[in-house]
Structures are given as C-alpha cells and as structure tokens.
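Chemist: What follows is a single structure, and I will ask about it in a moment.
The values are calculated or read from the model by the stated rules, or taken from the named source; none is laboratory data. What you see is a predicted model, and the numbers here were worked out from it, not measured in a lab. Positions of Cβ are backbone-derived with ideal geometry, glycine not excepted, and every protein chain shown enters the neighbour counts.
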Amino acid sequence: MVYRSTPQVRARKQAQRERLLAAALERVRGEGFGGLRVADVAAAAGVATGTVYRYFANRGELCAEVFRRASQREVDVLAEVVAGPGAAPERLAAAARVFCERAQAGRKIAYALLAEPVDPAVERERLVYRRAYAELFEGLIAEAISAGSAPAQDPALSAAFLVGALGEALLGGLAAADPPPERLESLVQLTLRAVFARGAGASS
C-alpha cells in the first residue's frame, strides 16, 4: 500500500518550511548571506539541524529560496508604484525614489540582494531579480517614448543602465552614512535626466 500524506500532514510540513525560511531571512537581514548558518536557522526555528535538510537539500538551496522570497517582495513593492496613477515620468520618479529609500532603509538586505558575493545558486536568482526590476523600468520608459515625453531610445538598455547605476550609487557612495534627503533626491533627478534628457547632437 502506497502511503499518501494527509492534508494535515502537508499543511504541517509547509508551516515548518515557512518557519525555517522566516528564520533564515531574519539572519540575512541582520548579517547577509555570509552570516546564514544552517545550525543557527535550526536553533531559531526550534528544530534540530538535520530537520533543515529535510526541506532543503543544502545551504545553497536554502539561500536561493530566501533570496527569491526577499527579492520578490522588493519587486512587488516597485510594481505597485509602477502601476499607480500618473504619467510615465511621474511614476518613474516615484519608482526610483522608492528603490532608493528602501535600499537605504535596509542596507544589509539591499547589499545582500544586489552585490554580496553569494553561492552560484543565489547568483542565478540575482540575475532573475535584476531582470524583473529592469522590466518594470523598461515598461515605463517604453510608455514615455510612445507618449512623446521621452526621446527615442532602447528601453531595455536604458532600464538596465538605471538598475545598475542606482544599485552602484546606493551601495557605494551612499552606503557609508545616512545621506541627507537631497542626495537621494539627486538620484531621482539623475534617473529622470538619463531617460528624458536629449543627448548631445540629438534634435530638439
């Protein structure tokens, strides 16, 4: 007779998996992926270390799932802004502002998601994450071009440039100290100029 798990057993296992992921995410928020140790996750979730490996084959798989959860939350927040009211330039400015504010408010998790050296499995998830961000910016840029508010350009290239430039600025020049609000606003204005200003030699 083949054993079939009951809905109650499946629900209990799913709840245990969620507790492990929550404990792991809390470690990453405080110490980055470098500080995520399976034994600490198990202790925080109140289980034996071996229990973690019933749900995740290895540390890399656990890290990858934590990355997916954390990054999807950030993408969802930005997607809400992008889908909000207003013309494309206004929503692009709002999206850039939210991107900057959230990265600055959660520097450790922002660094973990954008730049921390990680296992190959997590690096693959990072590429998905960056692409999801770029696609949100790309849609706004394409909309602005169609509306005539932005000059002709490659929306995908511009979007990739914005994601890379914002990430580098936030994790580099702004990471060492709490920047004044005007510095974060400068990043928003740079974003708008990168998309809406016409380059040298372009027709007006």
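Chemist: Can you tell me which residue in the range 54-79 is surrounded by the fewest Cβ atoms within 10 Å (Cβ to Cβ), limited to those that are part of a helix (DSSP H, G or I) and over 14 Å from the mean Cα position of the chain (by Cα)?
Modeler: The qualifying residue surrounded by the fewest Cβ atoms within 10 Å (Cβ to Cβ) is ARG54.
Chemist: Tell me, which residue of the range 4-30 that is assigned to a loop (DSSP other than H, G, I, E, B) and of a type outside the set (Gly, Ala, Ser) is farthest from ALA45 (Cα to Cα)?
Modeler: ARG4
Chemist: Here are some residues: ALA121, ALA94, ALA112, ALA105. Which one is over 15 Å from VAL28 (Cβ atoms) and either buried (at least 17 other Cβ atoms within 10 Å of the Cβ) or over 15 Å from the mean Cα position of the chain (by Cα) (or both)?
Modeler: ALA94
Chemist: Identify all residues within the range 132-148 that are surrounded by 15 or more Cβ atoms within 10 Å (Cβ to Cβ) and either under 11 Å from VAL75 (Cβ atoms) or more than 20 Å from the chain's Cα centre (by Cα) (or both); write none if there are none.
Modeler: Matches in the range 132-148: ALA132, TYR133, ALA134, GLU135, LEU136, ALA142, GLU143, ALA144, ILE145.
Chemist: If you take the residues of the range 143-174 that are small (Gly, Ala, Ser) and in a loop (DSSP other than H, G, I, E, B), which of them is modelled with the lowest pLDDT?
Modeler: Looking at residues that are small (Gly, Ala, Ser) and in a loop (DSSP other than H, G, I, E, B), I get GLY173.
Condition check ((1) touching a Gly at 6+ places or on another chain (Cβ under 7 Å); (2) within 27 Å of ALA134 (Cα to Cα); (3) touching a residue at least 40 places away in the same chain (Cβ under 8 Å); (4) not aliphatic (A, V, I, L, M)) across all residues:
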site: ALA11; (1), (2), (3), (4): no, no, no, no
site: GLN16; (1), (2), (3), (4): no, no, no, yes
site: LEU21; (1), (2), (3), (4): no, yes, yes, no
site: LEU25; (1), (2), (3), (4): no, yes, yes, no
site: ALA42; (1), (2), (3), (4): no, no, no, no
site: THR51; (1), (2), (3), (4): no, no, no, yes
site: GLU65; (1), (2), (3), (4): no, yes, yes, yes
site: LEU78; (1), (2), (3), (4): no, yes, yes, no
site: GLY84; (1), (2), (3), (4): no, yes, no, yes
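Chemist: Being surrounded by 17 or more Cβ atoms within 10 Å (Cβ to Cβ), under 27 Å from LEU127 (Cα atoms), touching a helix residue (DSSP H, G or I) at 6+ places or on another chain (Cβ under 7 Å) and not β-branched (Val, Ile, Thr) narrows it down to one of ALA23, ALA45, so name that one.
Modeler: That would be ALA23, the only listed residue that is surrounded by 17 or more Cβ atoms within 10 Å (Cβ to Cβ), under 27 Å from LEU127 (Cα atoms), touching a helix residue (DSSP H, G or I) at 6+ places or on another chain (Cβ under 7 Å) and not β-branched (Val, Ile, Thr).
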